[in-house]
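Here the structure is laid out as structure tokens; the discussion comes afterwards.
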Amino acid sequence: MTDGPILRRWLSWVHGFVPAQLRRDPVTRRRSQLALGILGANLIVGSALLIPLAMIREHDLRAIALVNTCVCLLLMLLGVLFLRRGSLWLTGNWICAILYAGFVFATWTGGGVRAPFTVCLALLPMLAGIIAGRRSGLAWGCISVATLTAVFAAQARGVELPEVTHPETTVLLAFGALAGTTILLTWMTAFSEATKEAAIVQIEQASAQLAAAIQEEEKARHAADQAIAANAAKSAFLATMSHELRTPLNAILGYSELVVDELRDRGGGNEDLIDDIRKVHASGRHLLGLITDVLDLTRIEASRLELSPTDFEPARLLREVAEIFIPLALRNNDVLTLDLGDDTGPVHHDATRVRQVVINLVGNAIKFTRDGTVTVRLRGDPDKFEVFVEDTGIGIPIDKIERIFEPFTQVDASSTRRYEGTGLGLAVCRRLVSLMGGAIEVRSSVGRGSSFTVRLPRRYTIPEHTASVTTSAF
Ligand code: ADP
């Protein structure tokens, strides 16, 4: 085995002492490692010192030195415990407190301000500042200066200090104190540099991430701008196209009606031709309905649909709609019932748009009901009014119920489907009702029928900002 892996293993073992919460960022990790290093170095040096200290000849001095070192070792072990608990502040101040006690003792017994250990007091503010933070560093700076001043004042006033240190030992201690201080200072300087470099790397990484995020945001904003522009262009295109298509289509419808009338006037023999022209007329009407729905949807999505509210009686509107559908209901052998309840009184809304919604719902109800019942109900209270359109038709599967409000969505979209339609009616209805400040609800059961409810406030109030309508592609 080479030295490399052993050293790495040893380092990772030491690194394992630093708890996870102190390993999150490189600066805290380094501060923790410094604290651990100082504790470890003190434990190793202190343990090693026990041997020469045990050989000191003077009994008193030996006893003091041994007790002092053992207590220091125990206190250092406690520091490791604080670090394990994740408090750098406590660990840093604890280390400084132990060292302070040791240095003060050594200063006091080593000749006061002349003692070699006085220089070590200068280390405490730096150590505390790095490990426990700037405030701790400042506090320890004050403590060190105050202690030196106190010892100096005591000596100046002639206080007798105990001179327990032998001259030979003093030289040894002076060497130890100076060498230790130099090593610690070198270590802390190297540490500060490394921490500064790590912090710079961290800042560089963060600013690179920030630059990338800003770039991404710009890209997203650009894409959003493009999407908005494309949507506006699409809406403008559809609005123009729909308008351009409607004009000739209306002409086709008008002329086909005229031709049918004329052929009828000319008398018999033209039945096949009349039938064909009626098909042209029916297809034209279908296309016109589709174009009108597309135009409505486009206007709503582009927030360009303006409502023109007036006062009107919803009961009257429902009666008119029901009259329109009587022939269709008869053709499907449906019973069309109108239940207007108590007269709900006038409401303030865009009557054309309310009529459009009701026509759509009643049209669907009759279209999807054969030999059944379609009921149109009106209910109201002082705040709102509700229109219920209920049928006993084919119903809608539960998993398709929400999707029927999406544009061009039909429950049966197969090419062989029995029911005509574009799949746009309900999409327009939901958006219109939401624009009018209301909601549409649907309940349905396959084979038993469906019930649509339109709930609207009695008075339409122009929203402060344009109502947001779900925009889905079509
Ligand atoms: P369409 O023009 O196809 O009727 P709509 O948006 O009005 O378009 O309706 C979407 C689909 O919802 C219909 O194709 C149909 O499958 C279903 N649907 C709507 N109303 C009813 C109803 N009363 N009964 C059964 N299915 C319905």
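Some points to look at:
- Just one of the listed residues (A315, A251) is closer than 29 Å to P407 by Cα, open to solvent by less than 50 Å² (accessible area, probe 1.4 Å) and hydrophobic (A, V, I, L, M, F, W, C), namely A251.
- Condition check for G395: touching a Gly at 6+ places or on another chain (Cβ under 6 Å) and within 16 Å of the ligand (Cβ to nearest atom): yes
- Among the residues listed as T118, T91, the single one being open to solvent by less than 30 Å² (accessible area, probe 1.4 Å), among the polar types (S, T, N, Q) and farther than 29 Å from E168 by Cβ: T91
- The range 14-63: number of residues that are of a type in the set (D, E, K, R) and under 24 Å from A106 (Cβ atoms): 4
- Taking the numbered list (1) open to solvent by less than 60 Å² (accessible area, probe 1.4 Å); (2) modelled with pLDDT under 95 in turn, S308 passes all entries but (1).
- Number of the condition not met by L43 [criteria: (1) under 40 Å from the mean Cα position of the chain (by Cα); (2) in contact (Cβ under 8 Å) with a residue 24 or more places away in the chain]: (1)
- Every listed requirement among (1) more than 23 Å from L172 (Cα to Cα); (2) crowded, with 18+ Cβ neighbours inside 10 Å is met by G111 save one, (1).
Residue by residue, here is whether (1) at pLDDT 95 or above; (2) among the small types (G, A, S); (3) more than 16 Å from the ligand (Cβ to nearest atom); (4) outside any helix (DSSP H, G or I) holds:
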residue: T352; (1), (2), (3), (4): no, no, yes, no
residue: V357; (1), (2), (3), (4): yes, no, no, no
residue: I366; (1), (2), (3), (4): yes, no, no, no
residue: T369; (1), (2), (3), (4): yes, no, no, yes
residue: V374; (1), (2), (3), (4): yes, no, no, yes
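- Filtered by the rule that a residue be near the ligand (Cβ under 9 Å from one of its atoms), in a loop (DSSP other than H, G, I, E, B) and more than 17 Å from G289 (Cα to Cα), the range 407-445 gives V411, D412, A413, R417.
The values are calculated or read from the model by the stated rules, or taken from the named source; none is laboratory data. What you see is a predicted model, and the numbers here were worked out from it, not measured in a lab. No Cβ is skipped: glycine too gets one built from the backbone with ideal geometry, and neighbour counts run over all protein chains shown. These accessible areas exclude ligands, DNA and RNA; they are computed on the full protein's heavy atoms, side chains included. Shrake-Rupley method; radii C 1.70, N 1.55, O 1.52, S 1.80 Å.
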